[in-house]
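Data block below; observations after.
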Amino acid sequence: MSVYGSNLDRAAKGMHSTGSDLDRKYWAALAMYAVLAALVWFTMDAGKVDVLGKPVELRLVPLIIIGGLALRTVLARQADRIRRDGEKGSS
C-alpha cells in the first residue's frame, strides 16, 4: 500500500473518534478558550466605544465572540452525546 493510502486510512479513522477521545478534545478546547479569554482581558486596553449611545468596553467584544464559540462547542458536544445515545438505543 502506498503512503497516500495509509494517510487516508488514518483520516477515515479520525472521523469516527471514540467518546473518550472526544471528551479529551472537548476539555482541551474549553481550556484554550479560557486561555484566549485571559489573554484578551490582560492585553487589550480598557478603552470605551459608544454603541447605541452607551459606552462599551472594547475588550468585551472579543470576549463575547469567544464566549459564543465556547457555547457552540458545548452545544455540539451535547448534540453528539444525544446522537450517540440514540444510536446505542436503536441497535
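The table for this structure:
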| read-out | value |
| --- | --- |
| Ascending count of other beta-carbon atoms within 10 Å, so fewest first, for 71, 60 | 71, 60 |
| Radius 13 Å from Cβ of residue 23, net charge of other residues (Lys, Arg +1; Asp, Glu -1) | +3 |
| Residues of region 54-69 with amide N under 20 Å of a point placed 7 Å along Cα→Cβ from residue 33 | 59-69 |
| Overall form of region 18-90 per C-alpha gyration tensor (a/c, 1.5; a/b vs b/c) | oblate |
| Theoretical FRET efficiency, 1/(1+(r/R0)^6), r = Cβ-Cβ of residue 82 and residue 58, R0 41 Å, to 0.05 | 0.60 |
| Region 18-90 - charge dipole about Cα centre, Lys and Arg +1 at Cβ, Asp and Glu -1, debye rounded to 20 | 160 debye |
| Fully extended contour minus Cα-Cα distance, from residue 74 to residue 51, at 0.36 nm per residue | 5.4 nm |
| Neighbour-count ranking [beta-carbon atoms within 10 angstrom, fewest first] of 59, 72, 81 | 72, 81, 59 |
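Here, each number is a calculation from the coordinates, and none is a lab measurement. Since we're looking at a predicted model, the values are computed, not measured. Backbone-built Cβ (ideal geometry, glycine too); neighbour counts: all protein chains shown.
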